[in-house]
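A.B. asks: Could you have a look at this structure, given as structure tokens, before my questions?
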Amino acid sequence: MQISAKAIADLLGGKIEGNPDVLIHGPSKIEEGQVGTISFLANPKYEHHAYSTKASVLLVSKDFVPKAPVYATLIRVDDVYASVAALLRQFGDQKPNFQGIDKDAFVEDTAEVHAEVAIGKFSIIGKNAKVGQGTIIYPQVYIDEGVVIGANCILYPGVKIYKGCQLGDDCILHANVVIGSDGFGFAPKPDGSFEKIPQLGNVIVESKVEIGANTVIDRATMGSTIIKAGAKLDNLIQIAHNVEVGENTAIAAQAGIAGSTKIGKNCLIGGQAGFVGHIQIADGTKVQAQSGINKSIKKENTAIYGSPALAYNDFLRSYAVFRNLPDLSKQIKALQEEIKHLKASQKAE
Amino acid sequence: MQISAKAIADLLGGKIEGNPDVLIHGPSKIEEGQVGTISFLANPKYEHHAYSTKASVLLVSKDFVPKAPVYATLIRVDDVYASVAALLRQFGDQKPNFQGIDKDAFVEDTAEVHAEVAIGKFSIIGKNAKVGQGTIIYPQVYIDEGVVIGANCILYPGVKIYKGCQLGDDCILHANVVIGSDGFGFAPKPDGSFEKIPQLGNVIVESKVEIGANTVIDRATMGSTIIKAGAKLDNLIQIAHNVEVGENTAIAAQAGIAGSTKIGKNCLIGGQAGFVGHIQIADGTKVQAQSGINKSIKKENTAIYGSPALAYNDFLRSYAVFRNLPDLSKQIKALQEEIKHLKASQKAE
Amino acid sequence: MQISAKAIADLLGGKIEGNPDVLIHGPSKIEEGQVGTISFLANPKYEHHAYSTKASVLLVSKDFVPKAPVYATLIRVDDVYASVAALLRQFGDQKPNFQGIDKDAFVEDTAEVHAEVAIGKFSIIGKNAKVGQGTIIYPQVYIDEGVVIGANCILYPGVKIYKGCQLGDDCILHANVVIGSDGFGFAPKPDGSFEKIPQLGNVIVESKVEIGANTVIDRATMGSTIIKAGAKLDNLIQIAHNVEVGENTAIAAQAGIAGSTKIGKNCLIGGQAGFVGHIQIADGTKVQAQSGINKSIKKENTAIYGSPALAYNDFLRSYAVFRNLPDLSKQIKALQEEIKHLKASQKAE
């Protein structure tokens, strides 16, 4: 599908500045914009990309005053985000090609499934489970007894949700996500073997949460493991029992959070980062990829780095010296030699 | 469900010390005990938690002599572990709500499946496979040809077991675990491409092993990849071909063990730790999270840390200086200045 | 199955040197060879293993001139790799025990499926999808609309491929692999919440690619995430949107590559290594396990190590000093003392 800048402007009720005939085949991130794509600028923090993006069309607020030349055709709108959402409906058809409950799906009689849902083949909805309006459950999904799923969720193939877990509205769970597996809880016995501690809690995923493929969220020992509204989790992430992830916190792939740790809201967690259990991470914490966080972060908006993690700049400064350690070592040896000579010459005097 | 301390004591044949009427709604770990829960103290190593736990009831040995005030109601029993097991049966109903072989499961004629099993919808039991008494296989599980599964195992939805692998008794495999995928074995060819080396061995998982969601255990090139009795593996772990994991070793999430490495018994491996291939790790080794182990550990009960790993205390000492490196670097510069002055003043004399 | 060296030589048209009656029950890697196995030597780089291997038979080029005693029986052949392939067909029967489209599989009418395929129970082939000759799709696999799968591929149970992704010929995807899940793309909104950026591209996996169990490859935001011919990916790997992995590059388990990064060809990436987004890695780069690569590598065949990564030898040299830092710190303190004394004695003079 190709669409002209003018057609988009008409669709959004926006005003064009620049070439109205330029053709667009899809959206792009402003920093990754390519010719033939439309990007948007909503957060002033990203304004500098407006001057370098290769996107052909840029959706901006009607109040936007460029501080440098912009090569893209501009479309000015009242509400950039609302316009983006409208555009996505044009370009990003995420709807599956099936509707209703497939004849090869299995839904228990006691499950409460809204009339407007899609449930694919070989998927199972357990006893007393609930599925809200507009939710799409792809094939080969397993929803155990008593699970509650809100409205307008998408569960991709192979998602497995254990007994009694809950999802809010507008959640997206990618393929093979596991929600509610047992936490890793064992009591050591005197003979060195382990006694399993039953994991009797559940997982609560609030609304507007997206969870990447093959990510695992364990159920709480008691109470709930909680992923708060708007949090975004990438692929292959480990969330242990009794963890809490705050609102609008984003966690990159392969990060892991050990038991009972509470991550604040609006945090940005890099890939492969790891958190020990039983710590608290303040709101707005930024964690560099591969960092290892072994104690609580109390001050909001702290940036940290390293394993174990230090303040971001401290780590960088220490690492700069680390790179230079062989030379430093030589300098120390040279100093020792110098002092030996100095002492020798002092004695000689 | 709520139950009084007295009712629990009666159930276990134990003696109460403290308030018999306090109500309990579930169990807890002693170090995470909350009001309304029952914890237990079996291993003397954890005794200090008895004096700080918030659990309302504490299950202890009849011989337990407190060394400080205990706020919880005590229930004294002959065998703490046996009592815990009895309690779990009260609180932790892990039984699925299905029995027998579901009509939508598929079991090959040549498979030997015990009469007392549960096999869920859309699960497959391959040719000549064996499933022991009391084993529960959730829906959407795949058991390939010749796989042997012992008694009283639980396989959660989406588990996939390749041809010829073996599980002992009392194993728990969480959702989407993969057992027996090909090891990562390729011979480089002169043109830079790779020739696949066939992976002809299998995986043997002994009894009482628990394996977390989305963990992968590769089959051996030849012979067997072996997970010994009582080992506990968390989620998203990688076990490569021909690895051995010793008895009662616990491995936290996202750790990875490269090919042919042998981990001893009673080891504790932290999350995201990584082991190179072809090394041996002594019994009782403790590996800190995110450590990278690139050589064998010969001495038992060693604690290690860092990437590459050092002795635990050595790493901490080195890292303490690492944090201080920018300052150290300045001190060296200052020393160089001082020596320059000393030399200058010596010459001047 | 056991087979004599002589029978193998006859099969391959090779010449025997040594005991023709030694019995072989399977193949092995030359460095892991065991009695009763056959190994091969094709790449001269591995020649030293020929003198230490415990394999009973060694397949070598007709031109091979040993530089030391070889204990194995030799079989000399014209083309070692072709002979290995022939042997694998003897020993490594990878064929599944099912053929054709199972009655419990579901194939959309509009899908183009070659007559010679195997598609297992509870697998789904979506609208307009294509499956090439000789491809084996195990049970419980999901192939979405418009997916193209080449010839002679093997898709193990639980593989999920999202809409519009493509596989070449001779690919192997292990259990629970996910191809084409949404990239992790979100635009931050002023209130701290995120707007999902639609992921409209796909994944292209070229021919002769093997992908390990539970590995995830995200679809591109726009365009394609590309895994080039001959690349080998181990288990639990994360490949983000718009990444490219070059020809014959091998990536070990649990490594992660962030968005838009391009990895060259013939690279060797260690386990748990991580790459930030938007960088380029030159052909032949060797990345040590657990390394963190945060900038482009421009020079081919560079070896790197550490997090953040340095040149391999530089990291080792720095780390050698790191291990010694507590001592270095003491030496600096000693130097400071010495200088204090020197200054004092100078003044005293």
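A.B. asks: Do you know which residues across segment C:301-330 are open to solvent by less than 70 Å² (accessible area, probe 1.4 Å) and in a loop (DSSP other than H, G, I, E, B)?
C.D. replies: Residues satisfying the conditions are C:THR302, C:GLY306, C:SER307, C:PRO308, C:ALA309, C:ASN324.
A.B. asks: Another question, if that's okay. With the condition kept exactly as written, say whether any residue in segment A:331-339 is open to solvent by less than 10 Å² (accessible area, probe 1.4 Å) and more than 8 Å from chain C (Cβ to nearest Cβ). Break it down into steps so the answer makes sense when it comes.
C.D. replies: Filtering segment A:331-339 for residues open to solvent by less than 10 Å² (accessible area, probe 1.4 Å) gives A:332, A:335, A:339.
Checking which are more than 8 Å from chain C (Cβ to nearest Cβ) leaves us with none.
Checked against the condition, which is being open to solvent by less than 10 Å² (accessible area, probe 1.4 Å) and more than 8 Å from chain C (Cβ to nearest Cβ), segment A:331-339 yields no hits at all.
A.B. asks: Please verify whether A:ALA42 is touching a Lys or Arg at 6+ places or on another chain (Cβ under 7 Å) and modelled with pLDDT under 85, treating the condition exactly as stated.
C.D. replies: In short, yes.
A.B. asks: Taking the conditions exactly as written (outside the structural domain of B:LYS130 (by TED's automatic domain parsing), touching a residue at least 24 places away in the same chain (Cβ under 8 Å) and not in a helix (DSSP H, G or I)), does B:LEU87 satisfy them or not? First the steps, then the outcome.
C.D. replies: Working: outside the structural domain of B:LYS130 (by TED's automatic domain parsing): yes; touching a residue at least 24 places away in the same chain (Cβ under 8 Å): yes; not in a helix (DSSP H, G or I): no.
The answer is no for B:LEU87.
A.B. asks: Report every pair of residues separated by at least 6 positions or lying on different chains whose Cβ atoms are under 9 Å apart, first residue within segment B:197-223 and not assigned by TED's automatic domain parsing to the domain that holds B:ILE161, second modelled with pLDDT under 95 and open to solvent by 10 Å² or more (accessible area, probe 1.4 Å).
C.D. replies: none
A.B. asks: What do you reckon, is B:LYS286 more than 7 Å from every other protein chain (Cβ to nearest Cβ), touching a Leu at 6+ places or on another chain (Cβ under 8 Å), without any contact (Cβ under 8 Å) to a residue 60 or more places away in the chain and among the charged types (D, E, K, R)? Steps first, answer last, please.
C.D. replies: Working: more than 7 Å from every other protein chain (Cβ to nearest Cβ): yes; touching a Leu at 6+ places or on another chain (Cβ under 8 Å): yes; without any contact (Cβ under 8 Å) to a residue 60 or more places away in the chain: yes; among the charged types (D, E, K, R): yes.
So B:LYS286 fits the description; yes.
A.B. asks: Can you find a residue that is hydroxyl-bearing (Ser, Thr, Tyr) and within 30 Å of C:VAL147 (Cα to Cα) anywhere in segment C:108-116?
C.D. replies: The first filter runs over segment C:108-116 and keeps only residues hydroxyl-bearing (Ser, Thr, Tyr), leaving C:110.
Then drop every residue that is not within 30 Å of C:VAL147 (Cα to Cα), which leaves C:110.
Looking through segment C:108-116, at least one residue is hydroxyl-bearing (Ser, Thr, Tyr) and within 30 Å of C:VAL147 (Cα to Cα).
A.B. asks: Within segment A:35-52, can you find the residues that are in contact with a Gly (Cβ under 7 Å, 6 or more places away or on another chain) and at the interface with chain C (Cβ under 8 Å from one of its Cβ atoms)?
C.D. replies: A:THR37
A.B. asks: Can you work out which of the residues in segment C:132-146 that are part of a strand (DSSP E or B) and within 12 Å of chain A (Cβ to nearest Cβ) is surrounded by the most Cβ atoms within 10 Å (Cβ to Cβ)?
C.D. replies: First pass over segment C:132-146, keeping only residues part of a strand (DSSP E or B): C:136-137, C:142-143.
Next, from what is left, pick out any that are within 12 Å of chain A (Cβ to nearest Cβ): C:142-143.
On the way: C:TYR142: 29, C:ILE143: 31.
Out of the qualifying residues, it is C:ILE143.
A.B. asks: Going through segment A:256-271 one residue at a time, which ones are without any contact (Cβ under 8 Å) to a residue 24 or more places away in the chain and buried (at least 19 other Cβ atoms within 10 Å of the Cβ)?
C.D. replies: Going residue by residue through segment A:256-271, those that are without any contact (Cβ under 8 Å) to a residue 24 or more places away in the chain are A:256-258, A:260-263, A:266-270.
A:GLY256, A:ILE257, A:ALA258, A:SER260, A:THR261, A:ILE263, A:ASN266, A:CYS267, A:ILE269, A:GLY270 - these are the residues of segment A:256-271 that are without any contact (Cβ under 8 Å) to a residue 24 or more places away in the chain and buried (at least 19 other Cβ atoms within 10 Å of the Cβ).
A.B. asks: Given the condition within 20 Å of the chain's Cα centre (by Cα) and over 21 Å from B:SER123 (Cβ atoms), answer yes or no: does some residue in segment A:121-128 qualify? Break it down into steps so the answer makes sense when it comes.
C.D. replies: Taking segment A:121-128 first, the residues within 20 Å of the chain's Cα centre (by Cα) are none.
Checking segment A:121-128: not a single residue is within 20 Å of the chain's Cα centre (by Cα) and over 21 Å from B:SER123 (Cβ atoms).
A.B. asks: Considering only residues of segment B:94-116 that are at pLDDT below 95 and crowded, with 16+ Cβ neighbours inside 10 Å, which is nearest to A:LYS163 (Cα to Cα)?
C.D. replies: Only one residue tops the list, namely B:PRO96.
A.B. asks: Which condition number in (1) within 21 Å of A:VAL159 (Cβ to Cβ); (2) more than 9 Å from every other protein chain (Cβ to nearest Cβ); (3) more than 16 Å from the chain's Cα centre (by Cα) is the one that A:ILE251 fails?
C.D. replies: (3)
A.B. asks: So in segment B:166-179, with the set limited to residues that are out of contact with any Asp or Glu (no Cβ under 8 Å at 6 or more places or on another chain) and not aliphatic (A, V, I, L, M), which one is nearest to the other protein chains (Cβ to nearest Cβ)?
C.D. replies: B:ASN176
A.B. asks: When you scan segment C:340-349, how many residues do you find that are among the aliphatic types (A, V, I, L, M) and either surrounded by 14 or more Cβ atoms within 10 Å (Cβ to Cβ) or within 10 Å of chain B (Cβ to nearest Cβ) (or both)? Steps first, please.
C.D. replies: The first filter runs over segment C:340-349 and keeps only residues among the aliphatic types (A, V, I, L, M), leaving C:342, C:344, C:348.
Those still in the list that are either surrounded by 14 or more Cβ atoms within 10 Å (Cβ to Cβ) or within 10 Å of chain B (Cβ to nearest Cβ) (or both) too: C:342.
So the count comes out to 1.
A.B. asks: Continuing with this model, one more query. Return the only residue of A:ILE119, A:ILE161, A:ILE125, A:ILE149 being surrounded by 19 or more Cβ atoms within 10 Å (Cβ to Cβ), farther than 18 Å from A:SER181 by Cα, modelled with pLDDT of 95 or more and not acidic (Asp, Glu).
C.D. replies: Working: A:ILE161 fails: farther than 18 Å from A:SER181 by Cα; A:ILE125 fails: farther than 18 Å from A:SER181 by Cα; A:ILE149 fails: farther than 18 Å from A:SER181 by Cα.
Just a single option satisfies the conditions, and that option is A:ILE119.
A.B. asks: Separate question: Please work out which one of (1) within 11 Å of another protein chain (Cβ to nearest Cβ); (2) over 26 Å from B:LYS163 (Cα atoms); (3) at pLDDT 90 or above is the condition B:GLU32 fails and give its number.
C.D. replies: Against the list (1) within 11 Å of another protein chain (Cβ to nearest Cβ); (2) over 26 Å from B:LYS163 (Cα atoms); (3) at pLDDT 90 or above, B:GLU32 comes up short only on (3).
A.B. asks: I'm trying to understand the selection: among the residues of segment A:41-78, which are assigned to a strand (DSSP E or B) and either at positive phi or touching a Ser or Thr at 6+ places or on another chain (Cβ under 6 Å) (or both)?
C.D. replies: The initial filter retains those residues of segment A:41-78 that are assigned to a strand (DSSP E or B), namely A:57-61, A:73-77.
Those that are assigned to a strand (DSSP E or B) and either at positive phi or touching a Ser or Thr at 6+ places or on another chain (Cβ under 6 Å) (or both): A:VAL57, A:LEU58, A:LEU59, A:VAL77.
A.B. asks: Six or more apart or on different chains, Cβ under 6 Å: which pairs go from a residue in segment A:9-22 that's free of Cβ contacts under 8 Å to residues at least 24 places away in the same chain and in the same structural domain as A:VAL60 (by TED's automatic domain parsing) to one that's open to solvent by less than 80 Å² (accessible area, probe 1.4 Å) and among the polar types (S, T, N, Q)? Could you list them?
C.D. replies: A:ASP21/A:SER4
A.B. asks: So the check is Cβ under 6 Å with 6+ separation or different chains; which pairs have a first residue in segment C:300-329 that's under 17 Å from A:ILE332 (Cα atoms) and more than 10 Å from chain A (Cβ to nearest Cβ) and a second one that's open to solvent by 20 Å² or more (accessible area, probe 1.4 Å) and not aliphatic (A, V, I, L, M)?
C.D. replies: Taking only residues 6 or more apart or on different chains, the pairs are C:PRO326/B:ARG317.
A.B. asks: A follow-up question, please. Considering segment B:147-163 alone, what residues qualify as being within 10 Å of chain C (Cβ to nearest Cβ) and not charged (D, E, K, R)? I'd like the intermediate steps shown before the answer.
C.D. replies: If we filter segment B:147-163 for residues that are within 10 Å of chain C (Cβ to nearest Cβ), which is where we start, we get B:158-163.
Scanning segment B:147-163 gives B:GLY158, B:VAL159, B:ILE161, B:TYR162.
A.B. asks: Something else: I'm checking my understanding of the structure. Among residues of segment C:272-300 that are open to solvent by less than 20 Å² (accessible area, probe 1.4 Å) and assigned to a loop (DSSP other than H, G, I, E, B), which one is nearest to C:THR215 (Cα to Cα)?
C.D. replies: At the first step, the residues of segment C:272-300 found to be open to solvent by less than 20 Å² (accessible area, probe 1.4 Å) are C:273-275, C:279, C:281-282, C:284-285, C:287, C:291-293.
Now restrict to residues that are assigned to a loop (DSSP other than H, G, I, E, B): C:273, C:279, C:282, C:284-285, C:291.
Details: C:ALA273: 14, C:ILE279: 21, C:ALA282: 23, C:GLY284: 23, C:THR285: 22, C:SER291: 19 Å.
Ranking the qualifying residues of segment C:272-300, first place goes to C:ALA273.
A.B. asks: Looking at segment B:113-131, which of its residues are at the interface with chain C (Cβ under 10 Å from one of its Cβ atoms) and assigned to a strand (DSSP E or B)?
C.D. replies: B:ILE124
The values are calculated or read from the model by the stated rules, or taken from the named source; none is laboratory data. Small disclaimer: the values here were computed from a predicted structure and weren't measured. Neighbour counts are summed over all protein chains in view; Cβ atoms, including those assigned to glycine, are modelled from backbone coordinates with ideal geometry. For the accessible areas, the whole protein counts, side chains as well, though only heavy atoms, and no ligand, DNA or RNA atoms are used. Shrake-Rupley method; radii C 1.70, N 1.55, O 1.52, S 1.80 Å.
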